[in-house]
Amino acid sequence: MIEFFKNLGVDMEVSDMSFSVSLDSGRGCEWGCRSLSSLFAQKRNIFSPYFWKMITEIKKFKEDVLKYLEDQERNLDMDRTKTLGGFLKSRGYSDLFQKAYLVPVCSLIWSCPAYSVLNFSAYSVLSFCRNHHLLQIFGRPQWLTVAGRSQTYVAKVRAELEQRGCKIRTSCKVESVATSEDGCVIATTEEGSQEVYDKCILAVHAPDAGSRDLYLHGDTDLMPRNTSAWSAWNFLGDSENKASLTYWLNIIQNLGEERDPFFLTINPEHTPKETFFKWTTGHPLPSVSTWKASLELHNIQGKRGIWFCGAYQGYGFHEDGLKALLSYIINTAGMAAAQGLLGKQMVTPLSNPKHMVPSLTEKGARILEEGGSVYTFAGKNSRCHLKSVLVIHSPQFYWKVMTQADLGLADAYINGDFSFVDKERGLLDLLMILIANKELNSNNSNHAKRREWWTPMFLTASLASAKHFLKHVSRQNTLTQARRNISRHYDLSNELFALFLDDTMTYSSAVFKVTLFFAPALAPAAPSVAAQQDPGVMPVHLLFQQPGREHLPFLQPNPRRGYSTWFTKSKNGISRSINQMMYSMLRFGYPKWSVIPSDERELWFRQFAHSDLTETVRKKFNEKAMDSYTKQINSWKIVWQKNKKPRFINGTVWEQMIAHGSRKKLQRRLLETPRTRRAIVAGKSNDEDLRTAQMRKISLLIDKSGKFQARIEKNHEVLEIGCGWGTLAIEVVRSGCKYTGVTLSIEQFKYAEQKVKEAGLEDRIKFELYDYRQLSDAHKYDRIISCEMLEAVGHEFMETFFTHCEAALAEDGIFVLQFISIPEERYDEYRLSSDFIKEYIFPGGCLPSLGRVTSAMASSSRL
């Protein structure tokens, strides 16, 4: 069912499946399973031996059920007509267990009278309870419900069917269905007209056991006496076996407990107070006769072109109706047609493989994974709006994460143990969340504990951490091992790298053109609300004095909410990061409804009471926000110019935003058009492709005039250590110089040689297949370039690398080194542990810190 909703694009949300029991208006036994306080809503139950006996019987019941079902499934010839009452009697369960636990639970699930429960089929009821983890009080998976209720997915199903050419007719009652001598199916409508079809699917309820009255109301008298026992499903019974069932919609449908209560009660003893709506319905029941009939269904299924498809073919729920439909499609059109229509994952036949109980670990993982459980982890940082939703496909996900930590997460993703709801950005957003948390923890002294291989993230990952680190140590880039390490990555195939590189095959960080520019940003309107007063062109101060608003807090711009600034009552807290401030200005001005925290949206509406802000209000708010921002910019500017530029500010931002970011200039540029908000955007040009950025990178490395570039001349001889696929070589020799490139990758070597041959530059370009440690000390080069090769050298060989570079460099030569670095404070932790890059990408590699590079350079060379 979840896969069906996923394919339709129907959103799901967490629901509640807790239940409570209240006997004799709370004078008898009363308890719930929503929490521990709910379990002991009646304090006397703490000391009641009968209540504790019931608790122990619940545990025994689970063991008995699992054994009973295992025996039934092992021996298909066993009698499956035993009733639930017969099952309980044969095992000696107490009356309290039946009246205060099992009967109420079944009544709540099947919305049926209590007196009928013990006549249900034991096999049907118990297998349902096992499959839905209902054999325990706590530790059940969370249930899901459709966001927006059933009309949401009904509308999407209808739209999908009509798009595929289906004709849907509603309010058209069918009186009978029959077949003709020609084999056609004839349906007779209420008006007496007949229509002929090739086949007919009767996707309707079987004759229901009995109708029941349902009331939507707000009467708390039909809930347990103790409010601490209130749960999603509530059973109220008496000594005469009369019972009513009340469903608390506030928590089932996430309406909020603080709102006025909404209850749905079936067969109440009296008409509820505050009744909003009443209707009558029915529900199939899992009786023994139903079970017997289901075994005979195949005798008529598909005969005469008529198929029967409904929830009664299972436990009486939507999922069972869907499975019946799949069975019909597979039998009539085949598995391929079913998979093509509904998706391969959805129609792959699944057995019930012992219900995943081979070990404690597997069992725990399965409970988390089956049944649509949802676990939400959210931080307190309101400036970060990243979100990533993972879909767990296998219990191996939990095992791998528990035993291998971050490497286990990577392994689980590689092997398809989980995927992302958002196929485009899901993985990227997860990585960004991990990065944000890493940076947050590194700045927080309480979380700054260093992690080496002997102190992994999880204690359970200790063995795997030690194993991976030892494997990493064994791959140190010795002269022999380095060739193997490089081959494991670069020699996979040139075709593989061509899939994600541009046609230059440049495998290093590109340099995109970063600029600050001003762009219009449209102001999204908040959802309209009926009967709201239109403020017209009312001044802001009068707007706040309107009846009902005069005592509300005055909304102020708040740059603290980094990525989506809006106006809040808080005046405190200024972001320390200019980057966060700039992202705030991206949505500069009055609020964007989608990013207003839900707990403060009501205030926002009450403050303005209009679907959009007038031009006067809009302008005033823009001015206030601009004033707040520019004052802060100036205060930063004074401090930073006095001290130094913060390391998290790049040069472009510093020069254009800080050095020239005076208040008057900002005010003039931001508010140059009264009807248009202006946004500051920092980023790469939208129309710049990867190839352009890579060629800019190469140009920066070999530029003749740059202070930190190679400044290559015609008479120079250039050495590149780690030459890659040869693009830099071709660009370098355009100056007329001679070039030598060394690599350990056979695939790169062959590709680069072919590329140079096609360019006709063999006389000026030479490639060598050997290690930098095999360079001849006798041969000197005027320029040496190493572009993102240092990361593959390794911590232990850093000094060796610079020794050989100095030996190969001419007396007045220039050595250009570009590498990816890791923050100084994380370097030791990083090198003393293993990670995804070391395990899967660059065996033996190590991202250096700037301090490590400079110290190695100083201790081993004169560079």
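The values are calculated or read from the model by the stated rules, or taken from the named source; none is laboratory data. Computed from a predicted model, the values in this text were never measured in an experiment. FYI the Cβ positions are ideal-geometry reconstructions off the backbone, even for glycines, and counts take in every protein chain you see.
Observations, loosely collected:
- Matching residues, region 728-741, being within 19 Å of residue 818 (Cα to Cα) and in contact with a Phe, Trp or Tyr (Cβ under 6 Å, 6 or more places away or on another chain): 729, 732, 741
- Failed item in (1) over 23 Å from residue 507 (Cβ atoms); (2) touching a residue at least 24 places away in the same chain (Cβ under 8 Å), with residue 760 passing the rest: (2)
- Close contacts from region 734-756, counting a first residue that is assigned to a strand (DSSP E or B) and at pLDDT 95 or above and a second that is crowded, with 19+ Cβ neighbours inside 10 Å and of a type in the set (Asp, Glu), with Cβ to Cβ under 6 Å and a gap of 6+ residues or different chains, come to 741/720.
- Scanning region 705-751 for residues that are within 22 Å of residue 485 (Cβ to Cβ) and β-branched (Val, Ile, Thr) yields 721, 742, 743, 746.
- Listed by position, the strands (runs of 3 or more DSSP E) enclosed by region 222-323 that each have at least 1 residues that are under 30 Å from residue 96 (Cα atoms) and among the aromatic types (Phe, Trp, Tyr) are 233-237, 243-248, 263-266.
- Residue in region 803-820 that is touching a helix residue (DSSP H, G or I) at 6+ places or on another chain (Cβ under 7 Å) and assigned to a helix (DSSP H, G or I) present: yes
- Annotation note: Cβ proximity below 7 Å between a residue of region 42-64 that is farther than 16 Å from residue 20 by Cβ and a residue that is buried (at least 17 other Cβ atoms within 10 Å of the Cβ) (sequence gap 6+ or interchain) occurs for 46/40; 50/96; 57/93; 57/97; 61/135; 62/135.
- Unmet requirement for residue 154, which otherwise passes all of (1) surrounded by fewer than 16 Cβ atoms within 10 Å (Cβ to Cβ); (2) at pLDDT 85 or above; (3) within 30 Å of residue 21 (Cβ to Cβ): (3)
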